[in-house]
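K.L.:
Structure incoming, see below.
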Amino acid sequence: MSERPEDRVDRIVSALLRGRRLKLRGGDAEEKEAIVLAARLAAASRGPQRMSPAFRQQLVKQLGAATPQESWMTRRAALVAGLGIAAGAVGGGLLGRSLDGGGSQPSAGAGKVLEPTNGRWIDVGALADFAPGQARMVKAGAVGAFVTRTGDGVSAVSSICSDLPCELWWDGSQHALVCPCHNRTFTADGSSNGTYKLPSLGVVQTRVRDGRVEVLGA
Amino acid sequence: MTSEARPPDPAPEDAEQGQVVEMPAASRVADVAIDELEMIYAFIYSRVGNRADAEDLTQQVAMKAIPRLRQGAPASAVRGYLFATARSVLGGFWSTRLGLSESELHDDLAMAMPQGGYSEESDERVRRILEQLSDNYRRVLELRFLHGYSLKEVAAEMRSTVGAVKVMQLRALRAAAKVRLDE
């Protein structure tokens, strides 16, 4: 029995929404316009995309070029990790930070700074354990946060989606925090990706003391 | 440096034939191209909607185009050539996946070149397409794609059935594909 057109297209749409490859079967060409449009919508829902660092490095290797390390890092800093911000802010001491930039969409604005009642600083690990540009999930008592190293400092956002009460996860290849409940992503600084902006993630306060990262938890 | 170095028309056929484009003398080919390939990746991703295919196709573009680049011409020519190659590669991709000849695929939605790289243009274009649809069609596509709702959730939101939403989704996509925007 042949597949109905609506089933055919929904099979493809569902795969696209899960980030899978376009796997098309014989007969799918009958709906080529709808399929092509679906691919564009799926892409638009995630906003402009950048190559993952791993893929970029693979390309560099294949092209037989030595990676221009300094400029590459600067680019990553400007667009993903926010290292540029840290460069001006490093003092080595207390770095409680409200994010006002540093992600791929800094203009979207930072979220509200979380102020836990009876908050206390909780050690979540050595600064050296946090890879630059990679958000890492930590628990500071009842507060879950994704901490991103920015040079000699750190910044953090809430680990809970600003729209649905779901715990985010870090997709290192996309450099994005992903909400599993509705397929939306945020930059490491908490800004919403995509055409339709969600509220930014709450900013979790952090500081670095004697090479240790502390998060204001509860 | 002359304008002859630039592909006269960034048509897919030109890219396939291996035209040589010169690069700025002070730049190493791969160093410059890798940054330009960021744009190509975003362009391709905006057309295929998933990372795995976008990476494969970007790699194909790099492997086809980079060996043909040389020191000496404007960066705009390099970008134009990479985009021409990308369009060619995308044409091959859709042709293979859909089993159609490339001549049947001269579709703006599938391969049209963006005016200024990718930036927000692709998003903006999608937003304008959705604006042209009827309320129900726009709603089903917004919920499904932009909010990531399942069919069941869309059905609940629209007080309909999963089967009806599935049909509406198909019709909405067909209608959206027919929208032609004035550029």
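K.L.:
Residues in segment A:138-169 that are in a strand (DSSP E or B) and crowded, with 16+ Cβ neighbours inside 10 Å: how many?
P.N.:
17
K.L.:
Considering only residues that are at pLDDT below 90 and more than 7 Å from chain B (Cβ to nearest Cβ), which ones fall in segment A:30-49?
P.N.:
A:GLU30, A:GLU31, A:ARG46
K.L.:
Taking B:ALA164, is it without any contact (Cβ under 8 Å) to a residue 60 or more places away in the chain, small (Gly, Ala, Ser) and surrounded by fewer than 19 Cβ atoms within 10 Å (Cβ to Cβ)? I'd like the intermediate steps shown before the answer.
P.N.:
Working: without any contact (Cβ under 8 Å) to a residue 60 or more places away in the chain: yes; small (Gly, Ala, Ser): yes; surrounded by fewer than 19 Cβ atoms within 10 Å (Cβ to Cβ): yes.
Taking the combined requirement at face value, the residue satisfies it.
K.L.:
For segment A:36-54, give me each residue that is in a helix (DSSP H, G or I) and surrounded by 22 or more Cβ atoms within 10 Å (Cβ to Cβ). Break it down stepwise before answering.
P.N.:
At the first step, the residues of segment A:36-54 found to be in a helix (DSSP H, G or I) are A:36-44, A:53-54.
Correct list: A:VAL36, A:LEU37, A:ALA38, A:ALA39, A:ARG40, A:LEU41, A:ALA42, A:ALA43, A:ALA44.
K.L.:
From the list A:VAL80, A:VAL60, A:VAL13, pick out the single residue that is modelled with pLDDT under 80, in a helix (DSSP H, G or I) and surrounded by 14 or more Cβ atoms within 10 Å (Cβ to Cβ). Working first, answer last.
P.N.:
Numbers: A:VAL60 fails: modelled with pLDDT under 80; A:VAL13 fails: modelled with pLDDT under 80.
Only one candidate qualifies: A:VAL80.
K.L.:
Given the criterion modelled with pLDDT under 85 and in a helix (DSSP H, G or I), identify the matching residue among B:SER88, B:SER103, B:SER119.
P.N.:
Unique residue meeting the criteria: B:SER103.
K.L.:
So which residues in segment A:16-35 are of a type in the set (Gly, Ala, Ser), part of a helix (DSSP H, G or I) and over 19 Å from B:TYR137 (Cα atoms), if there are any at all?
P.N.:
The answer is A:ALA29, and nothing else.
K.L.:
What residue, among those in segment B:124-152 that are of a type outside the set (A, V, I, L, M, F, W, C) and outside any helix (DSSP H, G or I), is farthest from the other protein chains (Cβ to nearest Cβ)?
P.N.:
Among residues in segment B:124-152 that are of a type outside the set (A, V, I, L, M, F, W, C) and outside any helix (DSSP H, G or I), the one farthest from the other protein chains (Cβ to nearest Cβ) is B:SER134.
The values are calculated or read from the model by the stated rules, or taken from the named source; none is laboratory data. What you see is a predicted model; the values in this text were computed from it and never measured. No Cβ is skipped: glycine too gets one built from the backbone with ideal geometry, and neighbour counts run over all protein chains shown.
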